[in-house]
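For reference, the structure is listed below as structure tokens.
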Amino acid sequence: MPGVEWIMPDEIRGRLERGEALNIVDVREAEEVAEGMIPGARHIPLGELPVRLHEIERSGEIILVCRSGNRSGRAGEYLAELGVDGLKNMYGGMLAYGEP
């Protein structure tokens, strides 16, 4: 994905355990998020991204998350086309991350 890097779930988990404040955007649907979400993540479903762009903190790194990494990849491509920098897609999504 041009403009979007991969980040591994273990790196995110480790950084959160060390107390880092991460800018995580979860693009899954509400029923998926109800099953569990990474602590501190902001929920913006992929379909709502265009009208909720103002809710995304754009300074520094933006970590995108979904169920498997596909929707968050599309979100990353969309944001990259808009010129947003610092985009990272969590490899394997919540399936790889496991229980939040």
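The values are calculated or read from the model by the stated rules, or taken from the named source; none is laboratory data. Here the structure is a predicted model, which is why all the values come from computation and not from measurement. We place every Cβ from the backbone using ideal geometry, glycine too, and count neighbours over all the protein chains shown. Protein only, heavy atoms only, side chains kept; ligands, DNA and RNA dropped before computing areas. Shrake-Rupley method; radii C 1.70, N 1.55, O 1.52, S 1.80 Å.
Within the stretch 54-80, residues that are in contact (Cβ under 8 Å) with a residue 60 or more places away in the chain sit with their Cβ atoms under 6 Å from residues that are part of a helix (DSSP H, G or I), at 6+ positions apart or across chains, in these pairs: Leu64/Ser72; Leu64/Ala75; Leu64/Gly76. Report the residue count in the stretch 55-98 for those that are under 17 Å from Gly14 (Cα atoms), open to solvent by less than 50 Å² (accessible area, probe 1.4 Å) and over 13 Å from the mean Cα position of the chain (by Cα). Number of matching residues: 1.
Specify which of the listed residues (Gly19, Gly14, Gly47, Gly36) is free of Cβ contacts under 8 Å to residues at least 60 places away in the same chain and assigned to a loop (DSSP other than H, G, I, E, B). Walk me through it before giving the result.
Working: Gly14 fails: assigned to a loop (DSSP other than H, G, I, E, B); Gly47 fails: assigned to a loop (DSSP other than H, G, I, E, B); Gly36 fails: free of Cβ contacts under 8 Å to residues at least 60 places away in the same chain.
Exactly one residue qualifies, and that residue is Gly19.
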